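Below is one structure, written out as structure tokens, with a few remarks after it.
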Amino acid sequence: MTVTAPTGAAPELIDPKAARKARARVDRTRHRRRGVSGWVVLIVVAAIAILMIFPFWLALINAFKPAPEYIANGPISVPTSLDFSALIKFWTGIDFNQKLVNSVIISGSVALIAAAISLLSAFAIGIGKIKGRVWVLAVFMLAFTIPQEALVYPLYILTRNLGLYDTKLGVIIILSVLQSAFGTYMLASVLGSFPTEVLEAARIDGASRRQVLWHIVFPLTRPTLGVLVTFFFIWTWNDFFLPLVLLPSSANQTVSVALGALSGQYTSDPTALAAASLAGILPALVFFLIFQRTLMRGVNLGAIK
Amino acid sequence: MTVTAPSARRRSALEPAGGYWGYLIPGALGFAAVVLIPFGMNVYLSLTKYRGVGTPQFIGLDNYVRLFADPTFWTSFLNSIAFIFAMAIVPTAFGVLVAAVLFDYIAPRFGARSSSILRALFYLPQILPIAVAGVLWKWMYQPEYGIINTMLEAVGLGDLAQNWLGDPNFAIYAVMNVLIWLQIGYTVVIFMAGLSRVDPALYEAAELDGAGWFTRFRVITLNQLRPEIAVVVITTSVAALKVFAPIFVLTKGGPGTSTIVPAYFSYYNFFTTTQVGYGAAVATVLALVVTVVAVGLLLFQTRNTEGFEK
């Protein structure tokens, strides 16, 4: 009895869990010591970070600054009164509402269609494990490595012949296909590790391929599809080159193209370009705030394939 | 494969015939119509003289012969190297450093919250459409009233004020600066995500052995982040070779040809001078270069991370 007591107590003394906890406590207090160098590093990093977002701040304050005040006090001063005229002039001048609607229609359609195509292709590759799937994927990869300049003139010819030139539909089809290549690539690897027991159980129950896709694969991959849809939406929103070439008329232009085509105009008015920038920043910022989590998750998903 | 194939076939008796190939039809048709056929047409156009109207006239390799003697073509690829520096090399180097400082220095001392706020600030430029970033910087670079010159004058360095985008000696650096600003957020976020999968015990052990922050950075961080660094360098280098929108918005390749890139050069030939065959030749060469670089970097990466990330 007297012998077992100490041995019983001994393991408790060196209980690994408690020891780890104690060490963690020590670690934490040690780490908490910030020191002068800690603050210096923080200030340097924070200063760089603030420099990074300084242009956003400049766009914000100068978009609302009366032009005479800009000329008198320069770009850094905070406006003494809010002047919406530059923003309104830009907004109505290029009919920015129309551009927003165009961008929403195009980006929304591309996101959904591209995700649907990706799911179908990835189903064949990841679940169906069709023969030569590595080659199929390699060919699809071409779609997102090939520079769009090497496709653009033929696409211009083809869309003109098919009556799809300068239509939203033409751009939607083309961008959906291009983006679905990336989606296929990503989804195929996700579906490749799909739990086989689930699939087998469904097949034993007599589920057809379509039922497996629709009732099992689709619901279970919805989170990944959500990331894809978000990414496709934002990529399309930001896309510049193909919409620039294929949507020349102002009634079909997207936000990105409308802003990119501003060059030269408005430069005589010192606050006009700030207003234009702000108008372009706002929707992007809204998406960022809505999709922040998905985006951060997706960046990681996309990076480590 | 050989084991599962028969059982799969047996099971398929329960399924309607046709296999899985049918599910590839939308993707394959789209790919043929949007990538394969257009690319084939582009290669054909590059062998012709075509002014956008009438019938393309076959001239063999003349466009390519002309291309290799064209100084603008060589300038455009030289500028691409500068943009690889600005979009791939600098952001990768800076991103690793910032990510390591945020993860291994700021977060333990000031909490995960402060490091994730800082990360978000670095990421913010990434959310902008490039066209918007272009407009914003064009406004800041504006020679008469732009912020950069105004600030230089305010601190008494007015002599350094330049027509940033309008001077052939400075335009390329001005564009590179915008690209660095745009790209850093991407690298910081990816590298921080990569660091979060590194076992903290590695850092603790190194610290106990007396390794300073910089030693830990060199020995642990850089080694552990090798897969991420490879992916980032590949994707950003390819993106740098294809860069178009910032050039279009900021300089249109000018002044002169000081900021021209292959993508803009081919666009210019297609739609401004309508030398379609010549533009197609530029685009074909660019496609070839991009593919070679992408495949080369990919092979290099798989050889170097063999058995590490598989």
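Numbers below:
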| item | result |
| --- | --- |
| Accessible surface ranking that places the most exposed of A:W135, B:W74 first, with a 1.4 angstrom probe | A:W135, B:W74 |
| The stretch A:273-290 and the stretch A:64-126: distance between their alpha carbon centers, rounded to Å | 5 |
| Span from the the stretch B:41-118 Cα centroid across to the the stretch A:135-191 one, whole angstrom | 20 |
| Shielded by partner chains, the stretch A:112-136 residues - at least 10 Å² of accessible area, 1.4 Å probe, vs chain alone | A:I117, A:L120, A:S121, A:F123, A:A124, A:G128, A:K129, A:I130, A:K131, A:R133, A:V136 |
| Accessible area in square angstrom per residue, the stretch B:62-309, 1.4 angstrom probe | 39 |
| Heavy-atom accessible surface of the stretch A:150-237: percent carbon and sulfur, 1.4 Å | 62 |
| Chains B and A together, accessible area buried on both sides, 1.4 angstrom probe, square angstrom | 8500 |
| Positive-pole candidate from A:L60, A:P283, B:P227, dipole of the protein assembly as shown, charges at beta carbon | B:P227 |
| Carbon/sulfur fraction of accessible area - chain B, other protein chains in place, 1.4 Å, % | 67 |
| Simple Cβ-charge dipole of the protein assembly as shown, Lys/Arg +1 and Asp/Glu -1, about Cα centre, in debye nearest 20 | 1700 |
| For the stretch A:67-112, radius of gyration divided by Kirkwood radius, i.e. Rg to Rh on alpha-carbons | 1.25 |
| Built amide H within the under 5 Å cut-off of B:K49, gap 5+ | B:Q57, B:F58, B:I59 |
| Interface residues in the stretch A:139-153 - accessible area drops by 40 Å² or more relative to the isolated chain, probe 1.4 Å | A:F140, A:T145, A:I146, A:P147, A:E149, A:A150, A:L151, A:Y153 |
| Order of exposure, largest accessible area first, which applies to A:T184, B:T257 with probe 1.4 Å | B:T257, A:T184 |
| Area accessible to solvent at A:I125, 1.4 Å probe radius, in Å² | 10 |
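The values are calculated or read from the model by the stated rules, or taken from the named source; none is laboratory data. In this text the structure is predicted, and so the values were computed from the model without any measurement. Note that each Cβ is placed from the backbone with ideal geometry, even for glycine, and that neighbours are counted across all protein chains shown. Surface areas here come from the heavy atoms of the whole protein model, side chains and all, with no ligands, DNA or RNA. Shrake-Rupley method; radii C 1.70, N 1.55, O 1.52, S 1.80 Å.
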